[in-house]
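For reference, the structure discussed in these notes is given below.
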């Protein structure tokens, strides 16, 4: 699932003018999320039920919060994966990573992973774990190249991924009930509070309409089944458009009640009250009567 900040920026990008810095941050979040989802697909296909898998696991120990892209637990070993969806040419020198295009140093994903492993070790000590913990950085980008990297680094390139994961499945003991109980104990340290976007936005100043997720073009109801983008002519089913509008409203204004009137105004009256009512009654729980009707998550 996308982070709250990612969802907020997605919901804002066509409704207000974001700065170049904010747009760049959103681009990085989108690329990172895409890489994590792709790696998750590899894991599910190649490792599958032979291990217990947690993805996008944010945990807290003694007030310190860390996030693990993928945690894979076998009966006799635990694997932590940090996924990076870098593109282009990079150089590894003296423990640091450099983007050769911009000749700039980037934060070392190996150092980032080490910090996560240190905190995760503290977590597993609290639950009585004795399994060895192994960690790797996965570079999932198709056109990523790392030059001058020495042997022995805990990194996996995209071309090595299928072989590596297949070997895990064959080499390590498959998960059993004891493994599941361990993962349940680990999951108790899940950190639920999400960081919100550190920029100011106001309901009154946002553009009230419906926007194509690909290019920001306004979308209008074309017939009884779908909305169509005025720029790219992309078509989206009515229910999908309505659900996305509701989610955007919830993401940006969690303090506001989910009512048909609030949603109707939020999207510039581009979605009929009838369609809002139909979708809300199907996917949300109705509370109250008359003018006091609102909807909550089921």
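None of the figures in this text is laboratory data; all of them are computed from the coordinates on show. Quantities reported herein were computed from a predicted structural model and do not represent experimental measurements. Here the Cβ is made from the backbone with ideal geometry for all residues, glycine too, and neighbour counts use every protein chain on show.
Running Debye on segment 171-243 with equal point scatterers at the Cα sites and no solvent, what base-10 log of I(q)/I(0) appears at q = 0.13, 0.15, 0.20 Å⁻¹?
Taking Cα atoms of segment 171-243 as identical point scatterers yields -0.69, -0.72, -0.89.
May I ask what percent, to the nearest 5, of DSSP beta bridges between residues of the chain are antiparallel?
Looking only at bridges with both residues in the chain, the antiparallel portion is about 70 percent.
How far apart, in nm, are the 7 Å Cα→Cβ label points at residue 62 and residue 207?
The modelled label-to-label distance comes out at 4.9 nm.
Using only alpha carbon pairs under 8 Å that are at least six residues apart, calculate the relative contact order of segment 105-159 and give it in whole percent.
36 percent
For the chain, what is the mean residue ellipticity at 222 nm derived from helices alone (per DSSP H run of n ≥ 4: -39500 (n - 2.57); sum divided by total residues; nearest 500 deg cm²/dmol)?
Rounded to the nearest 500, it is -11500 deg cm²/dmol.
Please report the relative contact order for the chain, taking Cα pairs under 8 Å with a sequence separation of at least 6, and give it as a percent rounded to a whole number.
17 percent
Restricting the count to DSSP beta bridges whose residues both fall in segment 81-223, what percent are antiparallel, rounded to a multiple of 5?
DSSP beta bridges in segment 81-223 are roughly 40 percent antiparallel.
Quick one: helix 109-126 against the long Cα principal axis of the chain, what's the angle to the nearest 10°, folded into 0 to 90?
Taking Cα atoms only, the helix is inclined about 90 degrees.
Which distance in nm do the two modelled labels at residue 125 and residue 167 give, with both placed 7 Å along the Cα-to-Cβ direction?
Each label point is offset 7 Å from its Cα along the Cβ direction, giving 3.1 nm.
Out of all Cα-Cα pairs in segment 1-112, roughly what percent, to the nearest whole number, are more than 24 Å apart?
Tail fraction, whole percent: 42.
Arranged by the count of other C-beta atoms within 10 angstrom, fewest first, what order do 117, 65, 83 take?
Lowest to highest Cβ neighbour count: 65, 117, 83.
Only bridges with both residues in segment 1-153 count here: give the DSSP antiparallel percent, nearest 5.
Of all bridge pairs located within segment 1-153, approximately 65 percent are antiparallel.
Could you tell me what a quarter of the Cα convex hull surface of the chain works out to, in nm² with one decimal place?
Projected area, direction-averaged: 19.2 nm².
Bin all alpha-carbon pair distances of segment 203-297 at 10 Å intervals from 0 and give each bin's fraction as a whole percent.
P(r) over segment 203-297, rounded to whole percents: 16, 50, 29, 5, 0.
What's the extension gain from residue 296 to residue 1 if we count 0.36 nm per residue and subtract their Cα-Cα distance?
Additional length available on full extension: 104.2 nm.
Using only Cα atoms, find the angle between the long axis of helix 161-171 and the longest principal axis of the chain, and express it within 0 to 90 degrees, rounded to the nearest 10.
Rounded to the nearest ten degrees, it is 60.
State whether segment 136-203 is rounded, prolate or oblate according to the following rule on the C-alpha gyration tensor (a ≥ b ≥ c being the square roots of its eigenvalues): a/c under 1.5 gives rounded; otherwise a/b larger than b/c gives prolate, and the remaining case gives oblate.
oblate
Given 0.36 nm per residue, what is the gain on full extension from residue 184 to residue 37 after removing their alpha carbon distance, in nm?
Full extension from residue 184 to residue 37 adds 50.7 nm.
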